[in-house]
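Reading through the C-alpha cells given below for one structure.
Laboratory data are not the source of any read-out in this text; all were calculated from the coordinates shown. The structure displayed is predicted, hence computed values, not measured ones. Note: ideal-geometry Cβ built from the backbone for every residue, glycine included; neighbour counts use all protein chains shown.
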Amino acid sequence: MSLYVAYVRATGHVVGAVGAVGATPSADVAALVGSELGLRVSLSPTEVVELTLDAKDMDSHTVDDEPKVFDDPLVYAVEQVPNADPKPALARLRTGVTVAFTADRLVVTVPVADPVKAIAVVALVSGDSILQHSTIPAGKTSADFAATVPSGQSRGVLALVAGWAGVLEAVKQK
C-alpha cells in the first residue's frame, strides 16, 4: 500500500491521507482533495460548521506507511528527511497549542518559545474563507489574527503552528 497525504504548505500539517493499492494518484493535490478540503467542527450537539482549505494552500506527497495518520492527521507533519536521496517523511508533532478569542483577535499560543527562530502559524475561523498567515516571533509564545466574534458565540477554528500538533475545535468568545 502507498500512503498519500495532503498537507498545508506553510506549516507541513497533514490534513488528509489516502492509502492506495496498485494506484498512483497525480502529484497534484487537487487530484486527492478537489479544489478544496472541508473540515467539520461541532459547535453544539445540533450545529456543525465546515472550514474549507483551498487546494492552492496545500501540497501532496507519497510518504512511508503510517497507519495512525488516519486516526488523527493533525498530529503529523510532512518534513524533508536529509540524506543522500532527500524525501518527505511524516513526523509526529508535540501537543499543547491553545487558542482563544479576545475582543477582536484569535490568539494562538504554544507552551514553549523557540529562542532562535520565528515559527510559522496559520489559522482559519468558520465564517471566513481565507487562511490567515502569521508567525510567533523568536522567544515568544503566541501569534494573533484578526477575528471578531460576538460575546458568548462559538466559531470553528483550525490553528496550525509549525512543529506543534494542529488544533481543530470549537472556540467560544467569553
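The table that follows gives values for the structure above.
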| read-out | value |
| --- | --- |
| Within a Gaussian network of the chain (alpha carbon springs, distance under 10 Å), most fluctuating of V14, V78, V63 | V63 |
| Listed peptides 49-55, 71-77, 134-140 by packing density, highest first (mean Cβ within 10 Å) | 71-77, 49-55, 134-140 |
| Calculated [θ] (222 nm, deg cm²/dmol) that DSSP helices of n ≥ 4 give over the chain, each run adding -39,500 (n - 2.57) | -500 deg cm²/dmol |
| Anisotropy class of the chain from Cα gyration tensor, a/c 1.5 cut | oblate |
| V15 long-range amide H proximity, modeled H, under 5 Å | A6, Y7, V8 |
| Distance between modelled label sites at I130 and S42, nm, 7 Å Cα→Cβ extension | 3.3 nm |
| Residues D72 and A20, FRET efficiency given R0 of 25 Å [Cβ-Cβ distance, rounded to 0.05] | 0.75 |
